[in-house]
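The structure under discussion appears below in the form of structure tokens.
The values are calculated or read from the model by the stated rules, or taken from the named source; none is laboratory data. The structure displayed is predicted, hence computed values, not measured ones. Reconstructed Cβ throughout: ideal geometry from the backbone, glycine too, with neighbour counts over all protein chains shown. Side chains are part of the model used for accessible areas, which takes the heavy atoms of the whole protein and leaves out ligands, DNA and RNA. Shrake-Rupley method; radii C 1.70, N 1.55, O 1.52, S 1.80 Å.
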Protein chains: 2
Amino acid sequence: MISILRIGHRIGRDKRITTHVALVARAFGADNIMIDTADAKIEDNIKSTCKRFGGNFKIDTGVNAKKTIKNWKGTTVHLTMYGEKLENSVKKINAKKDVLIIVGAEKVPPYVYEMADYNVSVGNQPHSEVAALAVFLDKFTDGKWTDKKFNGKIEILPCDKGKKVISKE
Amino acid sequence: MISILRIGHRIGRDKRITTHVALVARAFGADNIMIDTADAKIEDNIKSTCKRFGGNFKIDTGVNAKKTIKNWKGTTVHLTMYGEKLENSVKKINAKKDVLIIVGAEKVPPYVYEMADYNVSVGNQPHSEVAALAVFLDKFTDGKWTDKKFNGKIEILPCDKGKKVISKE
């Protein structure tokens, strides 16, 4: 099981970035996302995507981040530009255990660095938690996210020009 | 040379997503980004990052997208959830030619699909242009972005707990 914990979410300001984090989580093979701040709009938005595009991805908001990390039975991974190199870390993480991937917004409290089993950096340059999560999941699943079947009401078929969309609605 | 063209940028609404697109472009080995809508704030923001963290990444805004694609001497690649599978496309693209990677916001005009040499999808599920660009550049550069030296005033060293920052300011 792969779970994502989004911390430091600010309603309004982080709406689109957190939505992208959640959509990346779903598309790249995670099972669910938990967001610390309660945000009904993001919940509705992601649930609506799942309803149309399929899969069993779950979203919860208003989750206590510290308790979630503390009580996690499995491995906890914090994505941060200050962490150990992805190439080295990803080999050490036991993929058979449930993994909780922690994705921060601008400021991450020190307890996260302390409590996480692994602090992992996707490059040590400033970029984006959306990109970091996608690249981490790509490496961690060894690219297997591309085989995932979603069986949605809407299915998009690869196409070299234009759009091929199957709609079962 | 790897250039990014961000189209459909809306000031205000897309501020943070476009900033993430630009930071990903820089961190994952692109040489520059061109943004269709003039936006001095994003220019300043990215230039400030470059000044502190190094590298020769360039940003221009207020660029005519159609002309840029039309006049491009090299290969044009449009990232879209409707495109051909990344795994298949990336092998076909000649990495010795200059490549222009086009990254749209919500609605992309049909001419982009028509004019691009390659329409490439990073998965056929809805997710994020930030993630799509990062994963595409990772595959296209065969992971070589991780070796790039930026020689910035600020350098972050990989670290398993906490933060190791070298500041030459």
Could you list, in sequence order, the residues of the range B:106-121 that are within 9 Å of another protein chain (Cβ to nearest Cβ), open to solvent by 10 Å² or more (accessible area, probe 1.4 Å) and assigned to a loop (DSSP other than H, G, I, E, B)? none
Quick check on this structure: which one of A:V77, A:V103 is within 14 Å of chain B (Cβ to nearest Cβ), in contact with a Leu (Cβ under 6 Å, 6 or more places away or on another chain), open to solvent by less than 50 Å² (accessible area, probe 1.4 Å) and not in a loop (DSSP other than H, G, I, E, B)? A:V103
If you go through the range A:36-56 one residue at a time, how many are facing chain B (nearest Cβ under 10 Å) and in contact with a helix residue (DSSP H, G or I) (Cβ under 7 Å, 6 or more places away or on another chain)? 2
Test: A:D31 is of a type in the set (D, E), modelled with pLDDT of 95 or more and closer than 23 Å to B:I17 by Cβ: no
Does at least one position in the range B:14-23 carry a residue that is open to solvent by 10 Å² or more (accessible area, probe 1.4 Å) and of a type in the set (D, E)? no
Applying the selection to the range A:79-110, what residues are of a type in the set (K, R) and out of contact with any helix residue (DSSP H, G or I) (no Cβ under 9 Å at 6 or more places or on another chain)? A:K91, A:K92, A:K96, A:K97, A:K107
Pairs where the first residue, in the range A:42-71, is assigned to a loop (DSSP other than H, G, I, E, B) and the second is open to solvent by 20 Å² or more (accessible area, probe 1.4 Å) and charged (D, E, K, R), C-beta under 6 Å, 6+ apart: A:V63/A:D36
Conditions (1) within 26 Å of B:F150 (Cβ to Cβ); (2) out of contact with any strand residue (DSSP E or B) (no Cβ under 6 Å at 6 or more places or on another chain); (3) open to solvent by less than 30 Å² (accessible area, probe 1.4 Å); (4) not polar (S, T, N, Q): number failed by B:G54: (2)
